[in-house]
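Here is the structure we will look at, set down as structure tokens.
The values are calculated or read from the model by the stated rules, or taken from the named source; none is laboratory data. This is a predicted model, so every value here is computed, not measured. Cβ: placed from backbone, ideal geometry, glycine included. Neighbour counts: every protein chain shown. The accessibility values were calculated without ligands, DNA or RNA, using every heavy atom of the protein model including side chains. Shrake-Rupley method; radii C 1.70, N 1.55, O 1.52, S 1.80 Å.
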Amino acid sequence: MTLRQILEQQWQEGGALATALRPLGALTGKVARWRRRHIQGRAAPIPTIVVGNLGVGGSGKTPLVAVLARQLTVAGWRVAIISRGYGARPPHWPYRVRRDDSPQQAGDEPLLLAQEQEQTQAVYLCPDRHRAIAAAAADGYNLALLDDGFQHLALQPSLRLLVLSGPRPLGNGHCLPAGPLRECSDAMLHADAWLMDAAAAAILERNGPPRFLFRIQPKDLVAVNDPGRSRSLDSLQGQHVTAATGIARPQRFVASLKGLGALPVPRFFPDHHPFCASDIAHLPRPLVMTAKDAVKCREFAQADDWTLRIEAELEPSFQPWLEQSLLPWRS
């Protein structure tokens, strides 16, 4: 286990290393509060919605961005998804992701989002979100949906949606590096709404902005090397599978497979791992991956390598709230 993995485990379960780092975590929190008080962001030329979180690691944010893009498109908006492009190496900034880009060029999550979206939507990359939004607006898009960016204070968004998930959505309650939080928990009150799974909703207090439940639903299994080939979730019942993944919270992926009746053998890689053929060539089959991992393995995947396809579902009351909140920007 790497030092990072040990630390991430202690963020959830406690330990001497996380405890020793609390003075640094307190400093992180103070700096974050100072930034909230003193940095005045500026609005973009089109309405913007930030989908973010307080901590590092997976929270279900990417499938939520995908379903929000679809809902907003149905409501009549031309949606551009904006990402900072972590790990991407595009030929220029800002960059509009193409469906046939390599994961190295576009980054795993932006490429996954680009491949899942309709032709009426697009994904733009740039560390400077204002530049990416300006490029999208110039191309005729009239709403920007930011994948992450709750701490990007240079932008004054139209709406901030904060994602909270799991039985410990705030980890141990401490800021980096003593805990998973990028800023103190009181920053939650800067959100316009909280998007919460059932586990998070069960433990967080009810005061604060409007709360809407979501859940992540497995849909089916899709062949990594041939997205046109699929199998049902029932086929996992009682089957031994290799769960190969490089995500922030791999235990959730393993738990999902167990919940579907599979008998998973974990093979964990670091978060955002740049998979190559040798990483998975000799692993026992069948092999099951997340969509974020599979997008990096399509070129060298074997016939019995599968993607667990998932989809976020938001409670019905969220859509009317969102449309009402966006009325001031309707032309």
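A few comments on the model shown:
- The chain: most fluctuating residue of C276, C184, C297 per GNM, C-alpha cutoff 10 Å: C276
- Cβ crowding within 10 Å averaged over residues, with 64-72, 323-331 ranked highest first: 64-72, 323-331
- Ligands, DNA and RNA left out, the 1.4 Å accessible surface of the chain is 54% carbon and sulfur atoms.
- For G55, distant residues with modelled amide H under 5 Å away: R182
- Summary of packing: across the peptides 107-115, 22-30, the per-residue average of other C-beta atoms within 10 Å ranks them, highest first, as 107-115, 22-30.
- Residues in the range 169-178 carry Karplus couplings, in order, of x, 10, x, 8, x, 9, 7, 3, x, 6 Hz; the curve used is 6.51 cos²θ - 1.76 cosθ + 1.60 with θ = phi - 60°, and Gly or Pro positions show x.
- Per-peptide average of other Cβ atoms within 10 Å, ordering 198-210, 153-165, 40-52 highest first: 153-165, 40-52, 198-210
- In order through the range 143-153: 3J(HN,Hα) via Karplus (6.51 cos²θ - 1.76 cosθ + 1.60), integer Hz, x for Gly, Pro: 8, 10, 10, 8, 7, 6, x, 4, 9, 8, 7
- Accessible area per residue for the chain is 46 Å², calculated with a 1.4 Å probe on protein heavy atoms, without ligands, DNA or RNA.
- Size of electric dipole in the chain: Cβ of Lys, Arg +1 and of Asp, Glu -1, about Cα centre, debye, nearest 20: 820 debye
- With a Cα cut-off of under 29 Å and a minimum spacing of 8 residues unless on different chains, the lysine pairs in the chain number 10.
- Helices in the chain, meaning DSSP H runs of at least 4 residues, each add -39500 (n - 2.57). Divided by all residues, the mean residue ellipticity at 222 nm is -8500 deg cm²/dmol.
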